[in-house]
Amino acid sequence: MQVRAGECVVLFGPNGCGKTTLLDIAAGRTSADTGRVTRARDARVGYVFQRHADTLLPWRTVTGNVALPLEARGDAPAVVHTAVQAMLARVGLSDVASAYPYTLSGGQLQRVAIARALMLAPSLLLLDEPFTNVDYRSALQFAHQTRTLCRTDGVAVCCVTHDPDLAVLLADRVVVLSPRPGRVVATLEVPHGDTRTVLDIATPELARVRTALLDAVAHTVITA
């Protein structure tokens, strides 16, 4: 499996098949027992964890949480301020810049986590079930916004999701994994990557991909 710059690959499979473990290996947080994961030599990795709200610092405002990666790198305060304000505008959080995490909705917390992950201009963004704590409409909207941000910046994205609609909205390719031990059982190409919108979920082309995805998953369940 390869993930190229500006491309989104979605991992789709049952609980326990190793999707999060694969993201952790790609991020360098854990080592593979066998096989090999290769990143570009200068790759910078951003990671949005499944429990992303728990990774935000409750004593810091939205601005403070998003600024953290740049502060840790040692950037000058003026540079940090300018970069953070620009990022908050991009993700639609300027109006809650001074708010603390406990006052935010699930969707706002999600966008804070994504904004923080993008602050160091990653070449690879790893998303582990990032849209689970919001309603269906908001999840589709945030997924489309995330995809647009990453395509604009040429970021390679690898995302784990259990939602077939999110999978076909986000992905250029969907990789279907079998139950444990996880193996690739199907790779589905998703059309209209450069022009896709939320409304395309209802088009025949994406409906066919969604059906093929569900068929592939059902086959792994039946034969497992």
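Inter-part distance, segment 82-141 to segment 181-216, computed on C-alpha centroids, equals 25 Å.
Tell me what the chain gives for mean residue ellipticity at 222 nm when only DSSP H runs of n ≥ 4 count, each as -39,500 (n - 2.57), the sum divided by the residue total, rounded to 500 deg cm²/dmol.
Numbers: 7 runs with 93 residues, N = 224.
The helix-only estimate for the chain comes to -13000 deg cm²/dmol at 222 nm.
Give the peptides 167-178, 31-42 in descending order of average Cβ contacts within 10 Å, highest first. Show your work: numbers first, answer last.
On the way: 167-178: 23.8, 31-42: 8.2.
So the order, starting with the most tightly packed, is 167-178, 31-42.
Under 1.5 on a/c is rounded, so check that first for segment 55-99, then, if it is not, pick prolate when a/b is larger than b/c and oblate when it is not; a ≥ b ≥ c are the square roots of the alpha carbon gyration tensor eigenvalues. Working shown, then result.
Details: a/c = 2.05, a/b = 1.16, b/c = 1.76.
Oblate.
Residues of segment 38-54 falling in the label zone of Ala121, defined by backbone nitrogen less than 19 Å from a point 7 Å along Cα to beta-carbon, are 40-47. Think of each Lys and Arg Cβ as +1 and each Asp and Glu Cβ as -1; about the Cα centre, that makes the dipole of the chain roughly 380 debye.
Coupling constants for segment 105-111 follow from the phi torsions by the Karplus curve (6.51 cos²θ - 1.76 cosθ + 1.60, θ = phi - 60°), and in residue order they are 6, x, x, 5, 4, 4, 5 Hz; glycine and proline get x.
In this calculation the C-beta distance from Ala202 to Ala76 is compared with R0 = 35 Å, giving a FRET efficiency of 0.15. Segment 1-26 and segment 56-73 have Cα centres lying 27 Å from one another. A cut-off of 5 Å between modelled amide H atoms, ignoring neighbours fewer than 5 places along the same chain, links Arg44 with Ser123, Leu124.
Taking the Cα centre of segment 54-121 as origin and charging only Cβ (+1 Lys, Arg; -1 Asp, Glu), how large is the dipole, in debye to the nearest 20? Before the final figure, lay out each step's value.
On the way: 5 positive and 4 negative charges, 18 e Å.
Dipole of segment 54-121, to the nearest 20 debye: 80 debye.
Can you tell me the length gained on complete extension of the stretch Ser138 to Asp95, counting 0.36 nm per residue apart and subtracting the Cα distance? All intermediate terms of the calculation are to be shown ahead of the outcome.
On the way: separation 43, 0.36 × 43 = 15.48 nm, distance 1.79 nm.
Between Ser138 and Asp95, full extension yields an extra 13.7 nm.
The numbers here are math on the coordinates, done by the rules we state, and not lab data. Small disclaimer: the values here were computed from a predicted structure and weren't measured. Here Cβ is always computed from backbone atoms with ideal geometry, including for glycine, and neighbour counts include all displayed protein chains.
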